[in-house]
2 protein chains.
Amino acid sequence: MQIDIQFLSSPPHPNLLSDRVVVVIDILRATSVIVHAMSQGASEIIPLATVEEAFQMAKVFPRGFVMLGGERESKNIPGFDLGNSPKEYVAERVKGKKLILTTTNGTRAFHVVSSGKEILAGSFFNIGAVAQRCLESNRDLFIFPSGDEGNCSLEDTLCGGMLIDLIIKKGERSISLTDASYSAQILYQRFKDNLVEAFHLSHHGKELINRGFEDDLAYCAQIDTTSLVPIFREGVIRAK
Amino acid sequence: MQIDIQFLSSPPHPNLLSDRVVVVIDILRATSVIVHAMSQGASEIIPLATVEEAFQMAKVFPRGFVMLGGERESKNIPGFDLGNSPKEYVAERVKGKKLILTTTNGTRAFHVVSSGKEILAGSFFNIGAVAQRCLESNRDLFIFPSGDEGNCSLEDTLCGGMLIDLIIKKGERSISLTDASYSAQILYQRFKDNLVEAFHLSHHGKELINRGFEDDLAYCAQIDTTSLVPIFREGVIRAK
């Protein structure tokens with residue numbers, strides 16, 4: 001089993017994805033929202049790249065059945081039901097609902113890696129379950145931190161590094177790491193006792209603090225709060 | 001002063017380069033060769049992307065005045081005078097000579113970043129001098145590890161991380177790091193007491209060992225053997 005991770009969020013070469021499990025990670029905050037919402041009973045999530053697509057998609061479904069969520073520049077989108085803070089996505093609001101989500105980096109990322117064999121949403125909330133799922137798949141793994149507007153994101157790479165670390169510790173078979181995977185694992189080892197410290201160093205973490213979302217940093221650093229592994233298939237994210 | 005580093009060797013967006021000092025790093029082994037050869041008295045080095053270009057360029061100069069060096073798949077190129085081991089580039093061979101160099105990753109990298117304001121060749125051999133030069137320039141810095149056939153290279157990123165670490169320690173003014181720069185600095189801090197350990201983990205390090213160049217790993221890990229800072233300008237690398 002080979003594990004690769006990409007440090008930039010530019011579209012990876014399709015050869016890097018075919019026959020692989022791909023894990024999309026956007027800790028602050030799209031995949032944290034996705035995992036949290038599904039663990040609170042959302043029936044499915046449609047990740048879309050643009051606000052326009054989201055409004056168009058919402059028209060297709062009966063009112064009250066679907067909710068619009070997401071952000072632009074970390075702020076709520078006018079006309080949307082929910083923002084991009086995982087704490088908003090609680091059972092009272094989202095249980096049984098179909099969510100249409102659009103964010104700056106994370107929702108776009110699922111479409112960028114859509115040629116992968118199986119595409120999972122990863123976050124600290126479900127990292128143990130994602131590691132288990134990767135091991136069971138017995139396929140090579142490509143980790144795709146969705147990044148910060150095309151740039152490397154410390155918190156996403158760190159989560160990828162934790163996934164690598166867990167797989168190595170849980171795995172019995174031989175695992176081969178690329179130089180990027182070694183690098184991500186080392187990053188995780190540096191911050192494993194204080195993930196929030198890394199979130200405070202990161203560009204996007206600082207931006208969220210400036211915009212009043214500091215609480216989300218500690219919230220998104222919670223580990224293994226659910227065993228749910230959302231899978232992206234034919235444009236829709238569902239629980240496995 | 002902002003410091004950015006790229007983890008992949010895909011061509012960086014020109015916006016990331018304009019008005020910046022760019023440091024090209026290919027520890028195993030192109031920029032190690034370049035810095036070493038210039039410190040041994042080579043008059044100038046022409047880095048080229050292909051073997052064909054190298055042969056064409058050699059015809060332009062009188063025989064005996066120019067030497068051809070480089071590698072493909074880490075092996076010597078038939079018809080070339082020198083390979084890609086820095087140890088070959090000693091004064092007895094290269095003093096006063098013009099070198100035409102072509103390697104898989106490193107020589108190409110100079111052309112990829114040619115829109116930078118000032119383009120330096122960095123290696124562990126001259127890292128202190130490069131850090132000093134970056135501080136004196138008072139410009140933003142873009143570090144370009146030339147990588148391993150498009151992939152992230154542990155040893156190049158590590159050297160970039162050491163450069164960042166040195167600049168922060170030497171610098172008096174405010175320095176802003178991107179998430180990628182923090183990541184590289186953390187990588188360096190992990191391996192700073194044993195660079196060769198990292199070279200043994202790296203994909204390209206393992207490849208060199210398999211091809212009989214293990215000695216080059218320890219050789220290229222030598223720090224501050226010269227204060228020379230080669231600069232790439234109009235297709236040619238010269239000492240400052």
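Per residue, the convex hull spanned by the Cα atoms of the stretch B:139-188 measures out at 74 cubic angstrom. Shape summary: the stretch B:85-152 maps onto an equivalent ellipsoid whose semi-axes, from the alpha-carbon gyration tensor, are 23, 18, 12 Å in decreasing order.
Phi-derived couplings, Karplus 6.51 cos²θ - 1.76 cosθ + 1.60 at θ = phi - 60°, listed residue by residue for the stretch A:230-240: x, 10, 9, 8, 6, x, 10, 9, 10, 5, 3 Hz, with x used for Gly and Pro. Working note: 222 nm ellipticity from helices only, DSSP H runs with n ≥ 4, each -39,500 (n - 2.57), summed and divided by the residues of the protein assembly as shown, gives -11000 deg cm²/dmol to the nearest 500. The two copies A and B are related by a rotation, and the chain A beta carbon nearest its axis, with distance in whole angstrom, is A:F7, 2. One decimal place: the segment A:S115-A:S174 gains 18.7 nm when fully extended, by the rule 0.36 nm per residue minus the C-alpha distance. Would you list the membrane-span-like helices of chain B, meaning whole DSSP H runs whose alpha-carbon atoms span at least 18 Å along their axis and whose mean Kyte-Doolittle value is at least 0.5? Long hydrophobic helices here: B:154-170.
Scaled to the globular estimate 2.2 N^0.38 Å, the Cα spread of the stretch B:175-220, given as radius of gyration, is 1.39.
Counting Lys and Arg as +1 and Asp and Glu as -1 over every other residue whose Cβ lies under 15 Å from the Cβ of A:I143, the net charge comes to -4. As a ratio to 2.2 N^0.38 Å, the alpha-carbon radius of gyration computed for the stretch A:7-76 takes the value 1.32.
Considering only the Cα atoms of the protein assembly as shown, their convex hull presents on average a projected area of 23.0 nm². Value of Rg to Rh for the stretch A:147-230, rounded to two decimals, is 1.00; Kirkwood radius and Rg both from alpha-carbon coordinates.
The share of C-alpha pairs in the stretch A:93-240 whose separation exceeds 28 Å stands at 18 percent. Note on the stretch B:134-240: with charges restricted to the Cβ of Lys and Arg (+1) and Asp and Glu (-1), its dipole about the Cα centre is near 420 debye.
Just so you know, all these numbers are worked out from the coordinates, no wet-lab data involved. Nothing here was measured: the structure is a model prediction, and the numbers come from that model. Positions of Cβ are backbone-derived with ideal geometry, glycine not excepted, and every protein chain shown enters the neighbour counts.
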